[in-house]
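The values are calculated or read from the model by the stated rules, or taken from the named source; none is laboratory data. Just so it is clear, the structure is predicted and the values come from calculations on it, not from any experiment. So basically every Cβ, Gly included, is an ideal-geometry build from the backbone, and we count neighbours across all protein chains shown. Accessible surface areas use protein heavy atoms only, side chains included; no ligands, DNA or RNA. Shrake-Rupley method; radii C 1.70, N 1.55, O 1.52, S 1.80 Å.
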Amino acid sequence: MTTATLSRWDRFRESFLWYSFKRDKVAIASFIVLVSMVLAAIFAPLLAPADPYDLAQINIMNSELPPVGLDGSDPAFPLGTDAQGRDLLSTILYGTRVSLLIGFGAVVLQAALGILFGLLAGYLGGRVDSILMRIADVQLSFSTLMVAIIVGAVFKASFGNLMFGEIAIYMLIFIIGVSEWPQIARTVRASVLAEKKKEYVDAAKVMGFRTRRIMFRHILPNTLSPIFVIATVQIANAIISEAALSFLGLGMPETQPSLGSLIKSGFDYIQSGSWWITLIPGLVLVVLVLVINLLGDWLRDVMNPRLYKG
Amino acid sequence: MTSPSSTLVDIRGLEKKFDLSGGLLEQISFKGGRFHRKQEAVHAINGVDLQVQKGEALCVVGESGCGKSTVARTVMGLLSPSAGEIHYDGQRIDHLDGKEVLPYRRKMQMIFQNPYASLNPRMTIQQTLEEPIRFHQPDATESQIRDKVQDVMESVGIDPDWGSRFGHEFSGGQRQRIAIARALAVDPEFIVADEPISALDVSIQAQVLNLMMEAQESRNLTYLFITHDLAVVEHFGTRVAVMYLGRVCELADTRTLFSTPRHPYTQALLSAIPKLEDDRPNHIRLQGEVPTPVELPSGCVFHGRCPYADDRCRQQIPQLIATDGGAQVACHAVEEGRL
Amino acid sequence: MPLLEVNDLVARFAVRGGDLTALRGISFSLDKGERLGLVGESGAGKSVAAFSILNLIARPGFIASGQILFEGKDLAAMSERELRKIRGNRIAMIFQDPMMTLNPVLTIGTQMVEALKAHRRISTRAARDIALTKLRKVQIPSPDKRLDQYPHELSGGMRQRVIIAIALLLDPEIIIADEPTTALDVTIQAEIMALLLELCEQDNVALMLITHDLGVVSQVTQRMLVMYSGRIIEQGPTREIINDAQHPYTQGLINALPQMGEPGERLFQIPGSMPSLKNVPTGCPFHPRCAFATDQCTRLMPEYVRSGNVDVACYEVSNLIEQEKRMQEVES
């Protein structure tokens, strides 16, 4: 308490978060891998040698070329090509972009719904709580896949394949977001129940503040830590859900492939020896999900209030 | 001693029950081949009448479970009474809602027990103190608000330069000062203090008590002071109400109560304070334990532990009756002159 | 030889950015049957001292140096196995929270029998009988019924009685009680303290009572230690210290009690608060809050001086004693 004021940056540098991050090699490595993958995905149009969405650039004669270093490879396609002759490296970069977009988008939607319903259920309690939490239970008893299959089938039938290709990404965000909100709502509700017993909430009530102000300005900021932890893990889950849906043919169309639909498209050619079309995007998916989960684990350890005091 | 015009807060026939039995489904049990419906409630307050006079510090003392904190929270509107009324300056306030209650929120403030939980951990001290001022004085300019915050921080002995810090950067005593500053920021007339010093160290308790006394003098405050610590009461209180199991058993001037305690429970409580001059514990031994407030004893709530209890005590609830010493005592033995 | 002798005990906590010293060399002794009070505010290190004696100090804390001699054997150098023979058996501990000792899913009887069988080779029946006599000793109503009850079925005061019964189970030489009544109401506190005192006197058990309540200390103990910021700043006979405290901190602590003030008047207050372990002041740790602090106090930690039967670590006190000596020399 020697200096009068600390900037946000100073506070961060003195925080336990930064301290434990510096000491955790796994967290640092995961963070570096994740950031480079995210950057690569964001800047895919600049980095990729070819544009996989541009049909004019694709030559069917180049199909199923192996990655560099194998017999019959072409140095123009470092990771080989897929069955349609698209450059696999470019397709993976664009695919990671799609997967990450869906992952983040779905979690933003989940968090918005989860935080709102969780806050309402936890703070208002009583009947509101019972109704919202029963809805959550019902929601959780359907698996994400089942909901997606039904909604996806309805969408496909009513919009047709072409139109579906354009809205697929929003549909996936919607399906995964809506079917997973109870996870976040439950976490929020649990921490709201703990927070609302604390005296600073009573102090706010005694001041005469309105319910909405107390909920969003006083309680919500104090429930962010667990939301942050669960949201990180949920991004990984959303990416996996998307991959699974795409693998089943209910996700992204092959003209606009995500990692999942790339894996699926290559799956048919494994028998004919073109294993790389499936294996390489598969590896990328595994690494992506793994680093997010490792970061999530680290965050959970750091933000666990029982371990972190003062 | 009291004229009705000087009463600031009037608590009339206050009762508060907390339902334990939950929903209808949880109330039903199957026993001996039949369904029973059982409703259980904690009887936290069972008919309390108290008047807080302008400018005084009325202390409410009792052991855990006696309902003293429930009285404080009900007066402040954090809980709604099951029965009874609360009047502030002649106006009934317990049934007001929304906008009507706002002026009273400014006039009545509260200080809490746990300084570690009563400050929002995600807000700086400046934000914590600015928010109530901004809320209750929407017309105030930024510089007026800043001046006001600086004033209250200085008045509680916190350096105004520390405004950008968060609560966890302060010690327990400093946090309690900040909590007091927050209450004072809206210029209240009446402050309910719910065990404000029991979480603090001895040397810090004195600092906070002194601060509260200073504020009382300079701002002409009225206190309702809730505590379990009788030693503090003797020092701080104008009048004392002793509570046991949701009822007031004795109400008197501090001096009268400490020199001549009348109710057997008050006597036992006073004798149990460990004093510096004692070489051995020399408390009045009570029999048994405090009954649970779920199943209240019949008659006088204290009869199970009282050495003077007779049949009347077991059946009839004693009312507060003025005695010649000036104290009001709810005890049949005192009334009959047996004690 | 005293029953327990602590010599220059240093305890540290390993935290990020180096070690924090919680106990900075404390020395005291405890005789057979003696009742010793350990007084201090939170952060003074009194609980660390109590836990260190049985080497129960939890990680990241550890004993850095010093001796804890129990009947001449150093507990600080003992293996965990040897210590286990002493813990609960020769030296028993009572915690503030009864649930630290009691297992919520086992009955009182099971836990008492288990504790007995861990240290003695006896039958379950014999162990149950001993448990029953100890429960009677702590004046629990219908003790035979309590044996088959679970901890949550008892009230707070009743639980603390059970804890005392468990502490007495193996007839220890020393009971260390860490704030045993802080969580209890005044009337219950008085009962428990009276009981503890009675039992210690009956069986000539030594008691080390850790508390922040000077009233309790004066009622129960014969000697007392006052701790501040990891050091003992004053120790001696309880009555002497309470009636005429030497150290300015002890004086302030006593004078700050509401019972010492005039009703309605301001209380005596010590400015500031206990320093945190992270930035302990140089010299005498109390000097930033002390009205008598001189330049010397800010640089050097004062040595103990004897005033009457009391040992005090304060330059102001040692200067006064010097002065008095000189005056006497002049007179003679």
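Does the range B:43-54 contain at least one residue that is touching a Lys or Arg at 6+ places or on another chain (Cβ under 8 Å), charged (D, E, K, R) and surrounded by 13 or more Cβ atoms within 10 Å (Cβ to Cβ)?
yes
Just need a number here: residues in the range B:103-132 that are more than 20 Å from the chain's Cα centre (by Cα), at the interface with chain A (Cβ under 10 Å from one of its Cβ atoms), in contact (Cβ under 8 Å) with a residue 12 or more places away in the chain and in a helix (DSSP H, G or I).
2
Which residue is most open to solvent (accessible area, probe 1.4 Å), if the candidates are limited to the range B:232-244 and must be of a type outside the set (D, E, K, R) and within 9 Å of chain C (Cβ to nearest Cβ)?
By that ranking, first place goes to B:THR238.
Inside the range B:280-339, can you point out the residues that are touching a strand residue (DSSP E or B) at 6+ places or on another chain (Cβ under 9 Å), of a type in the set (A, V, I, L, M, F, W, C) and at pLDDT 90 or above?
B:CYS300, B:VAL301, B:PHE302, B:ILE317, B:LEU320, B:ILE321, B:ALA322, B:ALA327, B:VAL329, B:ALA330, B:CYS331, B:VAL334
With respect to A:ARG186, determine if the residue is touching a residue at least 60 places away in the same chain (Cβ under 8 Å), of a type outside the set (Gly, Ala, Ser) and closer than 16 Å to A:TYR123 by Cβ.
yes
For the range C:288-311, name all the residues that are surrounded by fewer than 15 Cβ atoms within 10 Å (Cβ to Cβ), among the acidic types (Asp, Glu) and within 26 Å of C:PHE268 (Cα to Cα).
C:ASP295
From A:ALA185, A:ALA168, A:ALA203, grab the single residue that is at the interface with chain B (Cβ under 10 Å from one of its Cβ atoms), buried (at least 22 other Cβ atoms within 10 Å of the Cβ) and of a type in the set (Gly, Ala, Ser).
A:ALA203
Yes or no, residue by residue, for (1) away from every other protein chain (no Cβ under 11 Å); (2) open to solvent by 50 Å² or more (accessible area, probe 1.4 Å); (3) within 24 Å of B:PRO196 (Cβ to Cβ); (4) over 21 Å from the mean Cα position of the chain (by Cα):
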site: B:LEU230; (1), (2), (3), (4): no, no, yes, no
site: B:ILE284; (1), (2), (3), (4): no, yes, no, yes
site: B:CYS300; (1), (2), (3), (4): yes, no, no, yes
site: B:HIS303; (1), (2), (3), (4): yes, no, no, yes
site: B:ALA327; (1), (2), (3), (4): yes, no, no, no
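I'm told C:HIS212 meets every condition in (1) within 12 Å of chain B (Cβ to nearest Cβ); (2) in contact with a Cys (Cβ under 8 Å, 6 or more places away or on another chain); (3) open to solvent by 30 Å² or more (accessible area, probe 1.4 Å) except one. Can you identify the failing condition by its number?
(2)
Results for (1) aliphatic (A, V, I, L, M); (2) within 14 Å of another protein chain (Cβ to nearest Cβ), shown as yes or no for each residue.
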| residue | (1), (2) |
| --- | --- |
| A:ARG210 | no, yes |
| A:HIS218 | no, yes |
| A:PRO221 | no, yes |
| A:THR232 | no, no |
| A:ALA236 | yes, no |
| A:GLU242 | no, no |
| A:PHE247 | no, no |
| A:MET252 | yes, no |
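Name the single residue that is surrounded by the most Cβ atoms within 10 Å (Cβ to Cβ) among those in the range C:133-142 being within 16 Å of C:GLU153 (Cα to Cα) and out of contact with any Lys or Arg (no Cβ under 8 Å at 6 or more places or on another chain).
That would be C:PRO141.
Can you tell me which residue among A:ILE184, A:ILE150 is assigned to a helix (DSSP H, G or I) and over 18 Å from the mean Cα position of the chain (by Cα)?
Among A:ILE184, A:ILE150, only A:ILE150 is assigned to a helix (DSSP H, G or I) and over 18 Å from the mean Cα position of the chain (by Cα).
Take the range B:91-102 and flag every residue that is surrounded by 15 or more Cβ atoms within 10 Å (Cβ to Cβ) and in a loop (DSSP other than H, G, I, E, B).
Across the range B:91-102, the qualifying residues are B:ILE93, B:ASP94, B:LEU96.
What residue, among those in the range C:264-279 that are exposed (fewer than 15 other Cβ atoms within 10 Å of the Cβ), on the phi < 0 side of the Ramachandran plot and not polar (S, T, N, Q), is nearest to the other protein chains (Cβ to nearest Cβ)?
C:ARG266
What are the residues in the range B:245-266 that are within 11 Å of another protein chain (Cβ to nearest Cβ) and buried (at least 24 other Cβ atoms within 10 Å of the Cβ), if any?
Within the range B:245-266, just B:TYR265 meets the criteria.
Within the range B:26-76, which strands (runs of 3 or more DSSP E) (wholly inside it) include 1 or more residues that are closer than 20 Å to B:THR292 by Cα and not polar (S, T, N, Q)?
Here the list reads B:41-53, B:57-61.
What about B:ILE197, is it in a loop (DSSP other than H, G, I, E, B) and within 12 Å of chain C (Cβ to nearest Cβ)?
Considered against the rule, which asks whether it is in a loop (DSSP other than H, G, I, E, B) and within 12 Å of chain C (Cβ to nearest Cβ), B:ILE197 comes out as yes.
For the condition within 30 Å of C:TYR150 (Cα to Cα), more than 14 Å from every other protein chain (Cβ to nearest Cβ) and either surrounded by fewer than 16 Cβ atoms within 10 Å (Cβ to Cβ) or among the polar types (S, T, N, Q) (or both), what is the one hit in C:ILE108, C:ILE122, C:ILE130?
Among C:ILE108, C:ILE122, C:ILE130, only C:ILE122 is within 30 Å of C:TYR150 (Cα to Cα), more than 14 Å from every other protein chain (Cβ to nearest Cβ) and either surrounded by fewer than 16 Cβ atoms within 10 Å (Cβ to Cβ) or among the polar types (S, T, N, Q) (or both).
Looking for whichever is among the aromatic types (Phe, Trp, Tyr) and touching a residue at least 24 places away in the same chain (Cβ under 8 Å) here; the options are A:PHE209, A:PHE216. Which one fits?
Within the list A:PHE209, A:PHE216, the selection yields A:PHE216.
Can you pull out the residues in the range B:189-214 that are crowded, with 20+ Cβ neighbours inside 10 Å and in contact with a Leu (Cβ under 8 Å, 6 or more places away or on another chain)?
B:PHE190, B:ILE191, B:VAL192, B:ALA193, B:ILE197, B:VAL202, B:SER203, B:ALA206, B:VAL208, B:LEU209 - these are the residues of the range B:189-214 that are crowded, with 20+ Cβ neighbours inside 10 Å and in contact with a Leu (Cβ under 8 Å, 6 or more places away or on another chain).
Quick one: would you say C:ILE270 is under 25 Å from C:ILE321 (Cβ atoms), modelled with pLDDT of 90 or more and part of a loop (DSSP other than H, G, I, E, B)?
Yes: the conditions hold for C:ILE270.
Could you tell me whether any residue of the range B:163-175 is touching a residue at least 40 places away in the same chain (Cβ under 8 Å), open to solvent by 60 Å² or more (accessible area, probe 1.4 Å) and facing chain A (nearest Cβ under 9 Å)?
Scanning the range B:163-175 turns up at least one residue that is touching a residue at least 40 places away in the same chain (Cβ under 8 Å), open to solvent by 60 Å² or more (accessible area, probe 1.4 Å) and facing chain A (nearest Cβ under 9 Å).
Taking the range C:144-190, which residues are part of a loop (DSSP other than H, G, I, E, B), under 18 Å from C:ASP213 (Cα atoms) and either without any contact (Cβ under 8 Å) to a residue 60 or more places away in the chain or over 20 Å from the mean Cα position of the chain (by Cα) (or both)?
C:THR181, C:LEU184, C:ASP185
Hey, which of the strands (runs of 3 or more DSSP E) in the range C:1-89, taking only ones fully inside, have at least 2 residues that are open to solvent by 10 Å² or more (accessible area, probe 1.4 Å), modelled with pLDDT of 90 or more and touching a strand residue (DSSP E or B) at 6+ places or on another chain (Cβ under 6 Å)?
Counting at least 2 such residues, we get C:4-15, C:18-30, C:61-70.
When the range B:212-227 is examined, which residues are found to be at the interface with chain C (Cβ under 9 Å from one of its Cβ atoms) and under 28 Å from B:GLY67 (Cβ atoms)?
Answer for the range B:212-227, where residues must be at the interface with chain C (Cβ under 9 Å from one of its Cβ atoms) and under 28 Å from B:GLY67 (Cβ atoms): just B:MET213.
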